[in-house]
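The next block holds one structure in the form of structure tokens; read it before the comments.
The values are calculated or read from the model by the stated rules, or taken from the named source; none is laboratory data. Quick caveat, the model's predicted, so the values are computed rather than measured. Quick reminder, even Gly has a Cβ in these numbers, built from the backbone with ideal geometry, and neighbours come from all protein chains shown. What goes into the accessible areas is simple: the full protein's heavy atoms, side chains included, and nothing from ligands, DNA or RNA. Shrake-Rupley method; radii C 1.70, N 1.55, O 1.52, S 1.80 Å.
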Amino acid sequence: MKTIFESSATNTGGRSGHVTTEGGLIDLDVKMPNGKDPIEEKYTNPEQLFAAAYSSCFAGALQAVAKDNGVDDLGDFSVTAIIGFGKDEDGFNIEATLDAYLPTVDKEKGEELINAAHEICPYSKATRDNITVNLNLLLDE
């Protein structure tokens with residue numbers, strides 16, 4: 001693999017700690033949500049950061065496969081990543097749901113694109129066979 005670029009982040013203090021990136025663009029306290037009212041939380045958590053990264057990466061993969069499949073305009077498309085954090089008898093784990101809204105394509109083409117994006121997205125590759133990832137195509141009513 002030829003490395004195109006590298007990024008780094010450093011955490012101190014674990015899930016009730018602090019995370020920074022090189023250059024300081026991200027400089028945040030992290031804390032587990034209280035589970036009662038996540039909207040009121042003033043801290044981020046690793047799952048929110050992963051959701052931001054995965055949704056951005058998957059959206060980029062959608063743009064790449066769209067061009068390869070003759071779709072020149074995805075319009076005002078979006079990808080929402082929902083990351084679930086849980087625990088079972090084997091310990092802690094996460095799961096992901098990716099909701100993709102592709103307003104310029106029909107259902108068949110949309111499903112083709114999200115499945116193709118899932119094949120090339122680096123985050124999808126990293127999670128494949130490690131966590132459950134659900135893909136959803138959101139349609140206008």
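At a glance:
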read-out	value
Residue count, the range 43-54 (criterion: in a helix (DSSP H, G or I), closer than 18 Å to Leu25 by Cβ and not aliphatic (A, V, I, L, M))	3
Given (1) without any contact (Cβ under 8 Å) to a residue 24 or more places away in the chain; (2) closer than 30 Å to Asn34 by Cα, index of the condition Glu108 fails	(2)
For Ser124: the one exception among (1) farther than 22 Å from Asp140 by Cα; (2) touching an Asp or Glu at 6+ places or on another chain (Cβ under 6 Å)	(2)
Residue tally, condition assigned to a helix (DSSP H, G or I) and either surrounded by 14 or more Cβ atoms within 10 Å (Cβ to Cβ) or in contact with an Asp or Glu (Cβ under 8 Å, 6 or more places away or on another chain) (or both), over the range 100-121	10
Qualifying residue in the range 83-99 (condition: over 30 Å from Asn34 (Cβ atoms) and either modelled with pLDDT under 95 or loosely packed, with under 12 Cβ neighbours inside 10 Å (or both))	no
Selection count, the range 2-34, where residues are open to solvent by 80 Å² or more (accessible area, probe 1.4 Å), on the phi < 0 side of the Ramachandran plot and not charged (D, E, K, R)	8
The lone exception for Thr80 - which of (1) loosely packed, with under 15 Cβ neighbours inside 10 Å; (2) under 30 Å from Met32 (Cβ atoms); (3) among the polar types (S, T, N, Q); (4) modelled with pLDDT of 95 or more it fails	(1)
